[in-house]
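The values are calculated or read from the model by the stated rules, or taken from the named source; none is laboratory data. Here the structure is a predicted model, which means the values were calculated and not measured. So basically every Cβ, Gly included, is an ideal-geometry build from the backbone, and we count neighbours across all protein chains shown. Areas reflect the complete protein model, heavy atoms only, side chains present, ligands, DNA and RNA absent. Shrake-Rupley method; radii C 1.70, N 1.55, O 1.52, S 1.80 Å.
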Amino acid sequence: MTEVARKYLVFGLSGRRYAFDLAHVAEVVEQAVTWPIPLAPPCYNGAMNFHGTIVAVMDLTMFLGLPGVNAAEKVIVLDTRIAALAFSVESIIRITPPGQAELSEMPGVESFALGQLNLPEGKVILLDAAAIAEHAAETINA
């Protein structure tokens, strides 16, 4: 099934490629100054000011339980309608143009995966930003 109207933000984590639906992303920024979040799990880098909104910044590699290969260089800020949450990631690879990605079921079980995007350069794991945000809220409020 081709996702005709959708664009995806493809990024790198732990030597693998992942994506979010671009509609769920507010902005991509350089690593930001953060302030500690008391009693937060270790996967939280802290909180940052994003255009006047306090946003929690999470190390997505650590949250997903992936081995840390490279230092995070970029921060993906979610649309605030989903959550006041941002993710540190190793790299931003590209935005796919509409109609270029074909979404299919993914063999095996990958945490928070909606499926697999088939792109001209290979396969990418499509993550569910809303499910990650919901689980993140549960972990920080525990």
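Which condition number in (1) touching a helix residue (DSSP H, G or I) at 6+ places or on another chain (Cβ under 9 Å); (2) open to solvent by 40 Å² or more (accessible area, probe 1.4 Å) is the one that Tyr18 fails?
Tallying (1) touching a helix residue (DSSP H, G or I) at 6+ places or on another chain (Cβ under 9 Å); (2) open to solvent by 40 Å² or more (accessible area, probe 1.4 Å), Tyr18 fails exactly one: (2).
Is it the case that Ala71 is open to solvent by 40 Å² or more (accessible area, probe 1.4 Å), aliphatic (A, V, I, L, M) and under 30 Å from Leu39 (Cβ atoms)? Show your work before the answer.
Details: open to solvent by 40 Å² or more (accessible area, probe 1.4 Å): yes; aliphatic (A, V, I, L, M): yes; under 30 Å from Leu39 (Cβ atoms): yes.
It is true that Ala71 is open to solvent by 40 Å² or more (accessible area, probe 1.4 Å), aliphatic (A, V, I, L, M) and under 30 Å from Leu39 (Cβ atoms).
Tell me the residue from Leu66, Leu126 that is touching a Ser or Thr at 6+ places or on another chain (Cβ under 9 Å) and among the hydrophobic types (A, V, I, L, M, F, W, C), please. Even if it seems obvious, please write down each step before you answer.
Values: Leu126 fails: touching a Ser or Thr at 6+ places or on another chain (Cβ under 9 Å).
Sole residue among the options that is touching a Ser or Thr at 6+ places or on another chain (Cβ under 9 Å) and among the hydrophobic types (A, V, I, L, M, F, W, C): Leu66.
Within region 41-58, work out how many residues are of a type outside the set (A, V, I, L, M, F, W, C) and in contact (Cβ under 8 Å) with a residue 60 or more places away in the chain. Talk me through it step by step, then tell me what you get.
Narrowing region 41-58 to residues of a type outside the set (A, V, I, L, M, F, W, C): 41-42, 44-46, 49, 51-53.
Cutting the leftovers down to in contact (Cβ under 8 Å) with a residue 60 or more places away in the chain gives us 41, 44.
Of the residues in region 41-58, 2 are of a type outside the set (A, V, I, L, M, F, W, C) and in contact (Cβ under 8 Å) with a residue 60 or more places away in the chain.
Which residues, counting only those in region 83-125, are open to solvent by 60 Å² or more (accessible area, probe 1.4 Å) and among the hydrophobic types (A, V, I, L, M, F, W, C)?
Once the filter is applied, which keeps residues that are open to solvent by 60 Å² or more (accessible area, probe 1.4 Å) and among the hydrophobic types (A, V, I, L, M, F, W, C), region 83-125 yields Ile93, Ile95, Val109, Leu114.
If you check Pro41 against the conditions, is it of a type outside the set (Asp, Glu), farther than 18 Å from Leu114 by Cβ and either open to solvent by 40 Å² or more (accessible area, probe 1.4 Å) or touching a strand residue (DSSP E or B) at 6+ places or on another chain (Cβ under 6 Å) (or both)? Break it down stepwise before answering.
Numbers: of a type outside the set (Asp, Glu): yes; farther than 18 Å from Leu114 by Cβ: yes; either open to solvent by 40 Å² or more (accessible area, probe 1.4 Å) or touching a strand residue (DSSP E or B) at 6+ places or on another chain (Cβ under 6 Å) (or both): no.
For Pro41, the condition - of a type outside the set (Asp, Glu), farther than 18 Å from Leu114 by Cβ and either open to solvent by 40 Å² or more (accessible area, probe 1.4 Å) or touching a strand residue (DSSP E or B) at 6+ places or on another chain (Cβ under 6 Å) (or both) - is not met.
Looking at (1) open to solvent by 70 Å² or more (accessible area, probe 1.4 Å); (2) in contact (Cβ under 8 Å) with a residue 12 or more places away in the chain; (3) at positive phi, which one does Thr80 not meet, given that it meets all the others?
(3)
Return the only residue of Val4, Val33, Val55 being modelled with pLDDT of 95 or more and either in contact with a Gly (Cβ under 6 Å, 6 or more places away or on another chain) or not basic (Lys, Arg) (or both). Give the derivation first.
Working: Val4 fails: modelled with pLDDT of 95 or more; Val33 fails: modelled with pLDDT of 95 or more.
Only one candidate passes the filter, namely Val55.
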